Amino acid sequence: MALTGRVALVTHAGLPQLSDDDRLLLPELTRLGIEGVPVDWSNGEADWKAFDAVVLRSCWDYHLRAEEFLVWVNRLEGASVRLWNSPRVIRWNVEKGYLLALEQSGIPVVPTRWVGPGSAPPLPALLGETGWDRVVIKPSISASAHNTWRSSHREAVADDTRFQEMVRRQRTMVQPYIQEVESRGEWSLFYFGGNYSHAVVKRPKPGDFRVQHELGGVYERREPDALLIDQGRRALQAAPDQCLYGRVDGFEIEDRFVLLELELLEPSMALAYDPGAPGRFARAIRAVIG
């Protein structure tokens, strides 16, 4: 098929040719007559207006350069570049404070204490106040479990210096440790153009709590029931704009889906775990470029 469209698939300098998973998109786009071009978001010479659409993919250093990244997003918006997901969604999703809005809209989310930036109560006092024995602590702008760690009542005194230093630098989240990550795993549900595509269950390696592949996490292709799919879609529909792609992460706790994160910026979409997923993603991209 003759190529009739061009789409920038946004990556970062550490992955100039995209992640292995995202590269599965390229032949599917070609089949639809679309050239997929990997482009580093921080490439100052890139001509973003030369593309029919710009789709964020493996730009996995954004959390280390968040202010610079948002300046880039605003610049593309000002130039009327067709960016997906939309700049409005990106700005809403880049900081995990969006969880507050979802909770207020009635979406069940993992309980969270938001601390700082600035001064913070001692970590032992915070755990005593919440009644959480074990906790996960992470920055409110983060990716790939960057600077995400565990503590507990037993370790809180020793961990308080680390906690206070973290809070001084950035807004910090403290959440109860969800035991289901070990027993039942963490669900990731994937949607393209608002439609459910596929799902995986992720589990950490023994002795860890982080489910990311690069940290030893194990993924298993699973098919959720219709209720779980609908609950994931409900979370996705709470975003401020319609999304080209989205990943809904959470846990089944007492037969209820509880949201951990709604990933609308640069999530890995686990395309390798479903043979039809790359094609579905490619068709969703074609739909938005017309």
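The values are calculated or read from the model by the stated rules, or taken from the named source; none is laboratory data. All of these numbers come straight from a predicted model, not from anything done at the bench. Glycine also receives a Cβ, built like all others from the backbone with ideal geometry; neighbour counts cover every protein chain displayed. Note: accessible area is taken over every heavy atom of the protein model, side chains too, but ligands, DNA and RNA are not part of it. Shrake-Rupley method; radii C 1.70, N 1.55, O 1.52, S 1.80 Å.
By DSSP, the beta bridges lying fully in the chain are antiparallel in about 70 percent of cases.
Volume per residue of the convex hull around the Cα atoms, evaluated for segment 75-136, comes out as 131 Å³. Over segment 235-290, accessible surface divided per residue gives 36 Å², non-protein components excluded, 1.4 Å probe.
Partner lysines whose Cα lies under 24 Å from the Cα of Lys202, excluding those fewer than 8 positions away in the same chain, are identified as Lys96, Lys138.
Taking amide H as placed 1.01 Å from N in the peptide plane, the amide H of Tyr177 sits under 5 Å from that of Arg134, Val135, Val136, each at least 5 places away or on another chain.
Here the scattering of segment 1-110 is modelled by Debye summation over its C-alpha atoms, one equal scatterer each and no solvent; at q = 0.23 Å⁻¹ the log10 of I(q)/I(0) is -1.26.
Between Rg and the Kirkwood Rh of segment 53-102, both from Cα atoms, what is the Rg to Rh ratio? Using Cα coordinates only, the ratio equals 0.96. The stretch between Arg234 and Arg184, if pulled fully straight at 0.36 nm per residue, gains 15.8 nm over its current Cα-Cα span.
With all protein chains in place and ligands, DNA and RNA left out, the 1.4 Å accessible area ranks Thr161, Thr130 as Thr161, Thr130, largest first.
Counting every pair of alpha carbons in segment 103-202, the share spaced more than 16 Å apart comes to 63 percent.
Show Trp72, Trp60 ordered by accessible area, largest first, where the area counts protein heavy atoms only and the probe is 1.4 Å. Write out the running numbers ahead of the final one.
Numbers: Trp72 5, Trp60 70 Å².
The ordering from most to least exposed comes out as Trp60, Trp72.
Helix 66-78 axis versus longest C-alpha principal axis of the chain: approximately 30°, rounded to the nearest ten.
Among residues other than Ala158 whose Cβ falls under 15 Å from its Cβ, what is the net charge (Lys/Arg +1, Asp/Glu -1)? Charge balance in the 15 Å sphere: 0. Expressed as a fraction of 2.2 N^0.38 Å, the C-alpha radius of gyration for the chain is 1.02.
Accessible surface for Glu103 stands near 100 Å², nearest 10, in the context of the full protein assembly shown (1.4 Å probe). In the chain, the longest principal axis of the Cα atoms and the axis of helix 156-169 are about 40 degrees apart. Distance between the C-alpha centers of segment 231-290 and segment 103-161? Whole Å please. Here the answer is 26 Å between Cα centres. Couplings 3J(HN,Hα) of segment 250-261, computed from phi: x, 10, 8, 10, 6, 6, 10, 7, 10, 6, 9, 8 Hz, in residue order, whole Hz [Karplus 6.51 cos²θ - 1.76 cosθ + 1.60, θ = phi - 60°; x for Gly and Pro].
Taking θ as phi - 60° and the Karplus parameters 6.51, -1.76 and 1.60, the scalar couplings of segment 10-19 work out to 7, 10, 10, 4, x, 9, x, 10, 6, 6 Hz in sequence order, x denoting glycine and proline. Our coupling estimate for segment 48-64, obtained by passing each phi through the Karplus curve with A = 6.51, B = -1.76, C = 1.60 and θ = phi - 60°, is 5, 6, 7, 10, 6, 7, 10, 10, 5, 10, 9, 8, 8, 10, 4, 5, 8 Hz, Gly and Pro reported as x. Less than 5 angstrom separates the built amide H of Phe192 from those of Ser197, all sequence-distant by 5 or more or on a different chain.
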